[in-house]
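Chemist: Take this structure first; my questions come after.
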């Protein structure tokens with residue numbers, strides 16, 4: 001019996017109401033596990049709708065759908081990741097960090113979640129934490145241009161201009177069409193040249 | 001020259017007026033939150049009964065067969081401590097499941113709790129007028145508590161006539177008559193405000209705890225599936241039925257008996 005189940009009787013003792021029996025706690029727990037095992041096909045439509053809503057600029061709608069998908073299938077790492085990205089876009093860095101961490105907990109080799117967590121930590125001012133996450137993302141997916149770019153930016157802020165330049169050069173090589181990478185490359189190259 | 005007399009309310013009376021207005025707002029909020037809690041409780045109560053009837057009964061049947069299998073295995077291996085332990089655990093599980101299902105069978109068949117708007121309105125009115133936390137002494141509190149118990153039962157059973165009768169009786173009872181001077185009344189109102197605020201906090205905590213329970217999460221899963229046009233309880237029951245058939249086969253193959261199941 002979980003802590004929550006133990007709390008059910010006391011929670012139900014409201015004004016003049018009788019307590020709900022907890023003799024079925026074990027059966028309820030087994031039922032919950034059974035229900036969850038049957039739910040994956042239900043979570044997917046909400047996950048996909050979340051993606052579509054975000055593409056249309058409806059962040060709140062997307063967040064709501066990702067949350068439903070997670071409720072139906074708590075182990076869906078991609079839904080946690082996408083929820084984290086949406087929260088990050090809304091400026092909720094703490095919420096985003098928590099969701100990125102959950103995604104990573106569920107799938108430790110999730111390079112995009114490490115990249116996202118790096119970005120969120122960077123925004124929160126935790127440069128060392130961000131650098132560690134970018135490096136993990138690069139180790140898991142060496143061709144992830146944005147992870148190299150993020151690492152370059154973070155190293156530059158730490159004062160390591162040469163290290164930074166190496167990373168943004170690598171990022172530009174991997175994705176020459178990304179404007180944010182091109183901008184970071186130009187800025188860091190200028191500073192490195194001046195230094 | 002005529003003198004104009006302006007009636008100025010004493011500060012006590014002004015404060016009483018202010019506090020009464022504050023209490024009135026809180027009473028309305030309290031009635032709404034009591035309704036939320038009573039509805040959630042009744043929904044969980046009826047859902048639990050339905051779940052136990054549709055799925056729990058089958059799980060209990062499965063547990064009974066598994067216990068018989070474990071006991072048959074233990075008989076075959078009288079010196080195997082692990083086998084004896086497994087048999088005893090399986091029997092305990094089967095007993096627990098059977099007890100849970102039996103309790104609900106005794107209570108009879110239930111339908112999902114879906115209160116009408118009028119039923120909710122009546123309950124809200126009862127909670128607003130009779131709530132025990134609006135009592136000013138112990139005997140009044142006891143009387144109010146008894147009436148609320150009756151009202152909660154009537155709400156869960158969908159008995160609108162009973163709720164109306166409770167309200168009617170209360171309106172004509174001496175407890176509903178107010179009196180005394182503004183000073184005593186002010187003290188009474190302030191005390192009521194504190195009680196109502198405490199109760200609101202307790203309700204919020206109770207609802208939050210209920211929403212964290214396994215039963216709530218299970219109901220949530222079933223409701224979500226229903227919205228998508230699926231009957232997850234029936235699917236779960238079918239899955240357990242399959243396990244029951246397989247378990248019966250195992251029991252027969254090891255020489256146990258399944259005919260009585």
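The values are calculated or read from the model by the stated rules, or taken from the named source; none is laboratory data. Predicted model, so just to flag it, every value in this text is computed and none were measured. Methodologically, a virtual Cβ is constructed for each residue, glycine included, from the backbone with ideal geometry; neighbour enumeration extends over all protein chains shown.
Chemist: Being buried (at least 22 other Cβ atoms within 10 Å of the Cβ) and within 25 Å of residue B:218 (Cα to Cα) is the filter here; which residues of the range A:83-108 pass it?
Modeler: A:83, A:99, A:103, listed by residue number.
Chemist: Could you please give the count of residues in the range B:214-241 that are without any contact (Cβ under 8 Å) to a residue 60 or more places away in the chain and either touching a helix residue (DSSP H, G or I) at 6+ places or on another chain (Cβ under 9 Å) or in a helix (DSSP H, G or I) (or both)? Before the answer, list the steps.
Modeler: Of the residues in the range B:214-241, the ones without any contact (Cβ under 8 Å) to a residue 60 or more places away in the chain are B:214, B:217, B:220-221, B:223-232, B:235, B:238-239.
Narrowing further to those that are either touching a helix residue (DSSP H, G or I) at 6+ places or on another chain (Cβ under 9 Å) or in a helix (DSSP H, G or I) (or both): B:214, B:217, B:220-221, B:223-228, B:230-232, B:235, B:238-239.
Residues in the range B:214-241 being without any contact (Cβ under 8 Å) to a residue 60 or more places away in the chain and either touching a helix residue (DSSP H, G or I) at 6+ places or on another chain (Cβ under 9 Å) or in a helix (DSSP H, G or I) (or both): 16 in total.
Rundown of residues vs (1) assigned to a helix (DSSP H, G or I); (2) at pLDDT 65 or above; (3) farther than 30 Å from residue B:142 by Cβ, yes/no style:
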| position | (1), (2), (3) |
| --- | --- |
| A:14 | no, no, no |
| A:44 | yes, yes, yes |
| A:49 | yes, yes, yes |
| A:57 | no, yes, yes |
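Chemist: Using the structure shown, decide if residue B:165 is in a helix (DSSP H, G or I) and either within 30 Å of residue B:57 (Cβ to Cβ) or modelled with pLDDT under 85 (or both). Steps first, answer last, please.
Modeler: Numbers: in a helix (DSSP H, G or I): yes; either within 30 Å of residue B:57 (Cβ to Cβ) or modelled with pLDDT under 85 (or both): no.
The answer is no for residue B:165.
Chemist: Is it true that some residue in the range B:178-189 is surrounded by 13 or more Cβ atoms within 10 Å (Cβ to Cβ) and at pLDDT 85 or above?
Modeler: No, there is no match, as no residue in the range B:178-189 is surrounded by 13 or more Cβ atoms within 10 Å (Cβ to Cβ) and at pLDDT 85 or above.
Chemist: Residue A:173 - would you say it is in contact with a helix residue (DSSP H, G or I) (Cβ under 6 Å, 6 or more places away or on another chain) and not assigned by TED's automatic domain parsing to the domain that holds residue A:93? Even if it seems obvious, please write down each step before you answer.
Modeler: Values: in contact with a helix residue (DSSP H, G or I) (Cβ under 6 Å, 6 or more places away or on another chain): no; not assigned by TED's automatic domain parsing to the domain that holds residue A:93: yes.
No; evaluated as a whole, the condition is false for this residue.
Chemist: While we're here: Can you name the condition, by its number, that residue B:229 falls short on among (1) within 9 Å of chain A (Cβ to nearest Cβ); (2) at positive phi?
Modeler: Here residue B:229 meets the rest and fails (1).
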